[in-house]
Structure formats: structure tokens, C-alpha cells
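The block underneath contains the structure these notes are about, expressed in C-alpha cells.
The values are calculated or read from the model by the stated rules, or taken from the named source; none is laboratory data. Quick caveat, the model's predicted, so the values are computed rather than measured. Positions of Cβ are generated from backbone atoms using ideal geometry, with glycine treated the same way; all protein chains shown enter the neighbour counts.
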Amino acid sequence: MSVENKNQLASENTSLNFSKGWGIIIYCMIMFFFLIGFSIDGLNIVAPAFAKKSGIEYADVLGLSTYAGLIGLFAYVIVGKINDSIGSRITSGICMIGAGASYIFWGHAENILQYGIGLTLVTSFINGAAYIAGGSLVTQWFPKKKGLVNGITTMGHNMGSAFYVPLISFLIGVYGMAKGMTCTGVIAIIVGILGILFVRNLPQERGLYPDNVTKEVYEKEYFQSSDEEECSTWTIVKLLKTKELWLVAIVIGVNQLVTTGVMSQMVVRNIGLGFAPAKAVGLMTVCACVGVCGSYLFGWIDQKLGVKKAVLLFLVWYCIALFINITDTTIGVYISVAMIGVAIGASANFMISLPASVFGRHGFSKVYAVYFPIMNAILMSNYVINAQAIRVTGSLRGAYMVFIGLLIVNIILISLIDTRKYNKDYMKEDEILNK
């Protein structure tokens, strides 16, 4: 497909004219904010606070995240099926309410069992809301602008890193774990209720068409299908036999393994390098603020150059950032924090954009229900890597070296993926451009 021909497609552009679709974008952005705060970056504060409160070794508390994530894999399968059956509006709302209630329970944990149960419930519900239900919303509302839209919605990730960590640190410091975590848990419940009331599964339910295109453009440039065909395209068995599903799940799983491993322990890593706790938290905030720019930048690259080139650029950038960090120099930390910020901003974009590009919007909820648990199983192993690095080397430097190696493997794997293979909207484009 030539650049000249591609520009003739009215649906392929970087316009931010999303009309009522901005409501979906903001909703997904808020869910991502809580995802990061509740289950990833917030662990920088919650895990040490519980270890201090209970007298349990920090490495043992951290290790529970792996078990919580593995147990959560079964929950993701269930949430995926529910999402496919009742739609993303209800699923996202229920999961947000569940996440908020579970976060309150987690904050009241008095022993290691309660802590593990709370963490498991929070992880399951918030991922179900933001990624499984939220991912389906983005793909249905913005099938061809998913890269650009993900670049905006995932700003919520970075805002969570920038503002949630100091917020929960303040709340726990002043009010203690129970009351501090109850404050943000209640807000998440309110978001879930608002989602059920105002969100819609499809743009057509708001009198719009996907990507906010006109009726004429939609009928000309998008694949049309019956509900029966959409529902019968994929089955679990067929997906598990599809090479592209496994490649996509591995690539994104490794990307998120590295990002979660880096961000969930960035404060601990910086303190280990000699930074005062307040400055270590401040560096993480700077990292996250830079990430807002990274989210949009790589979303724009995705939209202009395609998801494969965007992922390749991201992987090379990330490798360089982590290599600079393991020099263990002060200037290296400052440079790497900025570069990692761009990388974490981009990383979450691809969790939805890559599978949506390969498989398209038709039957996407089925695809995501199978893809997400596999991807997440890979992601959750980061806690094992971090915990073992702390035990064996006394620092997280060894874990970062492993992360670099995994990213290099990903460069090879993404090169093997046909990122448009099953996407029927792209097939429709090719028909138009080849006439």
C-alpha cells in the first residue's frame, strides 16, 4: 500500500475529532489511573507499609504479588466471558465497584492471608475493568484510530504513577493503611457506578459510527458483518491454535513484565542507589509525567507508521534506557528516568493496539478473553525476578539486566508478526486501494 493511496482513506488520519467518543476516552483513562495506583505503582507504598506494620519480610510480601496474579488468571477468563456475554459497559462498571471494595478490604488486612486475598481481588477486578472491558470499548469505538486513542487513554497510567503514589503515601502516612486506602477505594466505586449509568458499548448506541466517521465513510471503508458472523468468527480452541495469538501475547506479556517490574520497584531501586526516600518518590513522579508525552508520542507513531514499527522503536528505546540505568551513576539515573518515562507511557498502548490490529474489532472480546490471561501470566513473573534479584544480589540491578535480554528477544518476535492478518477492516481497505 503506497503512502499516497493510504492518505486517500478518510478513516486513516490523526484527527482528534472524537465527538461523544471523548467520554469513552476519559472513562478508560480514569480506569487506567486506578489500575496503576491500585495494583502496580501503589505497591511502592502499600507493600512496605504492610511489611512494617506486620513485621513480615518485605521480599515475602512482594512475592505475594506473583501468586495473586497467577490466581487472577482464572478470574480474567471469567471476566472475559462475562464481558463477551453482557458487554463492556456493565462489565467495566461491576469490576470498578469490585476493585474499590476490594481495595478497602485490602487496606484493613491484619495478616498475610488477608493481604494476599485483598491483593488478588484488587488485581483481578481492576485489570478486568481497565484492560478486558476497557480494551473492548476502545476497539469497538475506535477500530482504526486505536493507536492514537490508546496514546491518550494510557496517559491515565502515567498520571497514576505521577499522582497516585504521592497521594496514597500521604493518605497512609496521615491516616494509616485502612483509612487511607478506603478514601481512594470509595472513589473507584463511584466511577464504576457512573460507568454503568453513562457508558455505551458501541458508538451506534450514541448515534455515531466507529472513529466518529460519517455514515458514508463507514459503509465504504469498514467491513460490514452480521451479528451472527461476528459471534462465530473465533472460538477458544481456534484461538489457542493460532500462532499470532501466542506471538502477540508473548510480546505484550514481556513488555508489561519489564514495565511492571521497573515501575513497581522504582522507588526501592532509587533508594538502593543512595537517593533519599522523598527524592526517590519525586523521581518516579518525574518519570510518570514524562510518560504522558511518551503515551501520545508512540500513539501518534502507531497511527502514522503502523503498530509494528512503533513497537520496534519502543523496544530499542527501552533497551537503551535500562542499559543507562544499570551504570549505577547519578547522571545515568537521571537520564534513564526520563527515557523510562517515555517507555512506560508507550508500553500500555500496545496492550490493546497490537491484538486489535492483528484481529480487528469483529469478535474482539473473544480474542481478548483468551489473549489477556496468557499475556498476564507472563507479566506476573516480574515479581519473581525482582524478589530473587533482591535475595541474590541485594539490589534490583540484576533484574534490569534480565529485562534487557527479554526486550531483545521481543525485537525478534515482533518482526515475525503480520500485524494486519485477521483484521477485516484492513482487508476492506486493501480491496478499495487495489481496485
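Taking the criterion of being touching a Leu at 6+ places or on another chain (Cβ under 9 Å) and touching a residue at least 60 places away in the same chain (Cβ under 8 Å), the residues of the stretch 103-118 that qualify are Y103, W106, A109, Y115.
Across the stretch 369-415, which residue is nearest to V268 (Cα to Cα) among those that are among the hydroxyl-bearing types (S, T, Y) and at pLDDT 90 or above?
We begin by selecting, within the stretch 369-415, every residue among the hydroxyl-bearing types (S, T, Y); these are 371, 381, 383, 393, 395, 400, 415.
Next, from what is left, pick out any that are at pLDDT 90 or above: 371, 415.
Values: Y371: 31, S415: 34 Å.
Top of the filtered list is Y371.
K144 falls short on exactly one of the conditions (1) surrounded by fewer than 24 Cβ atoms within 10 Å (Cβ to Cβ); (2) assigned to a loop (DSSP other than H, G, I, E, B), and that condition is (1). Residues that are surrounded by 16 or more Cβ atoms within 10 Å (Cβ to Cβ) and part of a helix (DSSP H, G or I) within the stretch 412-427 comprise L413, I414, K424, D425, Y426, listed in sequence order. Based on this model, can you work out whether V138 counts as under 16 Å from the mean Cα position of the chain (by Cα) and under 15 Å from R200 (Cα atoms)? Yes. Here the helices (runs of 4 or more DSSP H) wholly within the stretch 164-272 that include at least 2 residues being buried (at least 22 other Cβ atoms within 10 Å of the Cβ) and more than 24 Å from the chain's Cα centre (by Cα) are 165-198. Among the residues of the stretch 385-401, those identified as surrounded by fewer than 17 Cβ atoms within 10 Å (Cβ to Cβ) and on the phi < 0 side of the Ramachandran plot are Q388, R391, V392, T393, S395, R397, M401. Going by what's in this entry, would S295 be described as surrounded by 18 or more Cβ atoms within 10 Å (Cβ to Cβ), free of Cβ contacts under 8 Å to residues at least 60 places away in the same chain and among the hydroxyl-bearing types (S, T, Y)? No; evaluated as a whole, the condition is false for this residue. Under 9 Å by Cβ, and 6 or more places apart or on different chains, what pairs join a residue from the stretch 325-354 that is closer than 26 Å to A369 by Cβ and at pLDDT 90 or above with one that is in a loop (DSSP other than H, G, I, E, B) and of a type in the set (A, V, I, L, M)? Hits for this filter: L354/I417. A single entry from I94, I78, I40 fulfils the requirement of being under 15 Å from I126 (Cα atoms) and modelled with pLDDT under 90: I40.
Based on this model, can you work out whether G128 counts as small (G, A, S) and buried (at least 24 other Cβ atoms within 10 Å of the Cβ)? Before you say what the answer is, go through the steps one by one.
Numbers: small (G, A, S): yes; buried (at least 24 other Cβ atoms within 10 Å of the Cβ): yes.
So G128 passes the test.
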